[in-house]
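Reviewing the structure listed below.
The values are calculated or read from the model by the stated rules, or taken from the named source; none is laboratory data. A quick note: this is a predicted structure, and the numbers were derived from the prediction, not measured. FYI the Cβ positions are ideal-geometry reconstructions off the backbone, even for glycines, and counts take in every protein chain you see.
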Protein chains: 2
Amino acid sequence: MTITRPRGFRAVGLVAGIKSSGAEDLALVVNDGPRDTAAAVFTSNRVQAAPVVWSRQAVADGRARTVVLNSGGANACTGPDGFADTHRTAEHLSGLLGISAQDVLVCSTGLIGERLPMDPLLAGITAATEQLSSGDEADAAASRAIMTTDSVPKTAEATTASGVVVGGMAKGAGMLAPQLATMLVVLTTDADVDAATADAALRGATATTFDRVDSDACMSTNDTVILLASGASGIAVEADELAEAVRAVSADLARQLVADAEGASHDVHVVVRSATTEQAALAVAREIARSNLVKAAIFGNDPNWGRIVAAAGCVPEAVAPFDVDHLSVTVNGVEVCRAGGAHRDRSEVDMTPRETLIEVDLGAGSATGDIWTNDLTHDYVEENSAYSS
Amino acid sequence: MTITRPRGFRAVGLVAGIKSSGAEDLALVVNDGPRDTAAAVFTSNRVQAAPVVWSRQAVADGRARTVVLNSGGANACTGPDGFADTHRTAEHLSGLLGISAQDVLVCSTGLIGERLPMDPLLAGITAATEQLSSGDEADAAASRAIMTTDSVPKTAEATTASGVVVGGMAKGAGMLAPQLATMLVVLTTDADVDAATADAALRGATATTFDRVDSDACMSTNDTVILLASGASGIAVEADELAEAVRAVSADLARQLVADAEGASHDVHVVVRSATTEQAALAVAREIARSNLVKAAIFGNDPNWGRIVAAAGCVPEAVAPFDVDHLSVTVNGVEVCRAGGAHRDRSEVDMTPRETLIEVDLGAGSATGDIWTNDLTHDYVEENSAYSS
């Protein structure tokens, strides 16, 4: 169990007929309270899908009762008609649940620029409300229904010392980028917390987990991470305790997103140390993580530190002050570059494990930052040239 | 004829034994004067190869007599020893030619982090000075000797109304990026011009040609573009006339670089119109050109405008003010997106030509900017995972 493991939640996933494949494509998560605390973060892309525009204003009051998620269509770049579709979706669900439409959050994922098929979607929502339940089966079906090119559903959970439970599910397998990925995440907790506490926990968690994933530098129009708190545990948990559990579940899900990135054969962890600031460290880590030449080399099991150093050198001095002559690069534990030049032989590096660890020391300060990415593979090209998404 | 077509130049290309393949790997271009005017622009990567560091200071006085170029090794990230190698190279050649080492420019390209084999290099330079000549054969050999993963040599020339000739050769087939590519370019002219005029012509030309090529967003440590002017025509050409000829030759070479980019199956021209400023237009064009999802879609002959719009939306508002609802996208002449939403059907777009034209109208002003890039293909991944460069 995951999203309904915290007390006070029900969920469902089913086939509404939005996807032409006939796979599950509609999920609901309902918070039965007593609290209806909600927080959310959204894509920073200026092109925002209709459900993002809707959910952003709906969650502004820190409250929500339910999230409806569909795969099979992003409802992005669909204009006023697309927004009306999202509005109708929320109205329809709120009528069935006897709540305000303003307490319905909506998430969509799939192809940009196409209208959603509203008849099957609304009929699916009607059916979904009759099948809501708690337990493994509901959780599994909901996590499957939000998949697009994901190869596996992604779920996680954590329990705090005081007994509060946090559960979560995520989808995302490409367009994974800074300030969120093509990624829908729903987190649930039975903690008895107010909106400000939930919001702080969620923002703190995303900043160090989902925001650190940069699979292919492409930022989606639909990214949404939602936290719902039911208060059903009756435990007024400390803010820090909740924050840590939300962060742990987010980190677990983020790691699963990286592991399932489209066509990847290596999960790459870029850690930049001895930077002047965390921001500088992250800028260098992100530049390395975004280098197609670095990513292709890793696919070829080549610890090509020259490409890593060249990528680091593309970061402006004003963003990350460091001296190239003090830079070292360690790949999977072997320091292949020291003081800006060749050190241990690249043949000593074992590149066969799925996880590749690139450690860069800037020799400029004491701050650290890390980014997760993937290698650039034939399968990435194949999936993203053959799949219109 | 190309680089020795302007009067006053000799060149040579030969096998020095730097490349293990046994292919040509050393080129010389000598300016016999009477002028020794020179200008150059270099990579803005903070990691600069030894020959870049050398040539930057050598050309600072606006004069140079010769350029020696090697493939088979970048001499980057090689520390003080690598710089000493470059220095020795310049000293050796200057001794043979009876000139100052300060009048020798050096360019290297190949793998980062390895020392150059100095014995074959210096012996090759000695042999080269004995084989300098003007004409097709010398030009062809020189342009071949600077190739790495290039599939064809790249040369161009232009003649101005007043009879001044500009010739050029270039190498580059990957790591092609903003503010220059992994790219070595030597331009020659017999114009009778001073260093300031040559410098202005070169900087103007690179800003609108080589700097607009962004094959894979990876900026090299060795990029160098050099212009040598011999004055041998005796024609004191107008600055504008020279600038236009230098620009024309640079544009020709830049287009050839795009056409030969590693593994590409489409040359992609991204034109952004109706921006508030040229800088804003270029920022949007570059973001689209750098999107792996856009590039993979083009490889798949998919005019996926949603990915184009999503990429445009990643540019911060402060950099490029525009309203997504006013944005249109035209791919190969078909306006697939108007007012931020779907317009003509994507099936109307013919993606089979090698050249793909993406036109984005921001509806925000009157400035235009364009970037050339390539699609993301299996062959790109193959070349860059199998080839250690």
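Points to keep in mind about this one:
- Those residues of the range A:219-267 which are within 14 Å of another protein chain (Cβ to nearest Cβ), over 30 Å from A:Val331 (Cα atoms) and acidic (Asp, Glu), in sequence order: A:Asp223
- Only listed residue being more than 22 Å from A:Asp61 (Cα to Cα), surrounded by 24 or more Cβ atoms within 10 Å (Cβ to Cβ), under 11 Å from the mean Cα position of the chain (by Cα) and modelled with pLDDT of 90 or more, chosen from A:Met169, A:Met183: A:Met169
- Matching residues in the range A:20-59 - criterion: being closer than 26 Å to A:Gln131 by Cα and without any contact (Cβ under 8 Å) to a residue 60 or more places away in the chain: A:Ser20, A:Ser21, A:Gly22, A:Trp54, A:Ala58
- Positions within the range A:65-82 being over 20 Å from B:Val309 (Cβ atoms) and not hydroxyl-bearing (Ser, Thr, Tyr), in sequence order: A:Arg65, A:Val67, A:Val68, A:Leu69, A:Asn70
- Meets criteria (among the aliphatic types (A, V, I, L, M), in contact with a Gly (Cβ under 9 Å, 6 or more places away or on another chain) and assigned by TED's automatic domain parsing to the domain that holds A:Ile112) for A:Ala90: no
- Criterion violated by A:Ala318 - all others in (1) free of Cβ contacts under 8 Å to residues at least 24 places away in the same chain; (2) closer than 27 Å to B:Asn75 by Cβ; (3) among the small types (Gly, Ala, Ser) satisfied: (2)
- Any hit, the range A:9-16, residues being in a strand (DSSP E or B), modelled with pLDDT of 95 or more, more than 25 Å from A:Ala205 (Cβ to Cβ) and more than 14 Å from chain B (Cβ to nearest Cβ): yes
- One residue stands out among those in the range A:127-139 that are assigned to a helix (DSSP H, G or I) and out of contact with any Ser or Thr (no Cβ under 8 Å at 6 or more places or on another chain): the one that is surrounded by the fewest Cβ atoms within 10 Å (Cβ to Cβ), which is A:Asp136.
- Identity of the residue in the range B:263-305, in contact (Cβ under 8 Å) with a residue 40 or more places away in the chain and of a type in the set (Asp, Glu), that ends up surrounded by the fewest Cβ atoms within 10 Å (Cβ to Cβ): B:Glu278
- Residues (polar (S, T, N, Q) and surrounded by fewer than 17 Cβ atoms within 10 Å (Cβ to Cβ)) located in the range A:325-364: A:Ser347, A:Thr352
- Positions within the range A:220-255 being farther than 23 Å from A:Val30 by Cα, more than 11 Å from the chain's Cα centre (by Cα) and in contact (Cβ under 8 Å) with a residue 24 or more places away in the chain, in sequence order: A:Thr221, A:Glu238, A:Ala239, A:Glu241, A:Glu244
- A:Val237 falls short on exactly one of the conditions (1) at pLDDT 85 or above; (2) in a loop (DSSP other than H, G, I, E, B); (3) surrounded by fewer than 22 Cβ atoms within 10 Å (Cβ to Cβ), and that condition is (3).
- So B:Ser250, is it outside the structural domain of B:Ile358 (by TED's automatic domain parsing) and hydroxyl-bearing (Ser, Thr, Tyr): yes
- Options B:Gly365, B:Gly340; residue that is in contact with an Asp or Glu (Cβ under 6 Å, 6 or more places away or on another chain) and over 26 Å from B:Asp267 (Cβ atoms): B:Gly340
- Where strands (runs of 3 or more DSSP E) fall wholly inside the range A:281-389, the ranges with 3 or more residues that are modelled with pLDDT of 95 or more, more than 12 Å from chain B (Cβ to nearest Cβ) and closer than 24 Å to A:Leu257 by Cα are A:355-361.
- Picking from residues in the range A:140-156 that are in a loop (DSSP other than H, G, I, E, B), of a type outside the set (D, E, K, R) and in contact with a helix residue (DSSP H, G or I) (Cβ under 9 Å, 6 or more places away or on another chain), the one that is modelled with the lowest pLDDT is A:Thr149.
This table checks each residue for (1) surrounded by fewer than 24 Cβ atoms within 10 Å (Cβ to Cβ); (2) over 23 Å from A:Ile3 (Cα atoms); (3) touching a Phe, Trp or Tyr at 6+ places or on another chain (Cβ under 6 Å).
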site: A:Phe42; (1), (2), (3): yes, no, no
site: A:Gln48; (1), (2), (3): yes, yes, no
site: A:Thr66; (1), (2), (3): no, no, no
site: A:Gly72; (1), (2), (3): no, no, no
site: A:Leu97; (1), (2), (3): yes, no, no
site: A:Val104; (1), (2), (3): no, no, no
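- Which numbered condition B:Phe83 fails, given (1) surrounded by fewer than 20 Cβ atoms within 10 Å (Cβ to Cβ); (2) within 22 Å of B:Asp190 (Cα to Cα): (2)
- Selection from the range A:187-205 of residues that are β-branched (Val, Ile, Thr) and over 20 Å from A:Val68 (Cα atoms): A:Val193, A:Thr197
- Scan of the range A:259-280 for residues that are among the hydroxyl-bearing types (Ser, Thr, Tyr) and outside any strand (DSSP E or B), ordered by number: A:Ser265, A:Thr276, A:Thr277
- Every residue from the range A:81-117 that is within 14 Å of another protein chain (Cβ to nearest Cβ), without any contact (Cβ under 8 Å) to a residue 40 or more places away in the chain, outside any helix (DSSP H, G or I) and over 23 Å from the mean Cα position of the chain (by Cα): none
- For the residues A:Ile298, A:Ile288, A:Ile308, the requirement of being under 22 Å from the mean Cα position of the chain (by Cα), of a type in the set (Val, Ile, Thr) and more than 30 Å from A:Gly72 (Cβ to Cβ) singles out A:Ile288.
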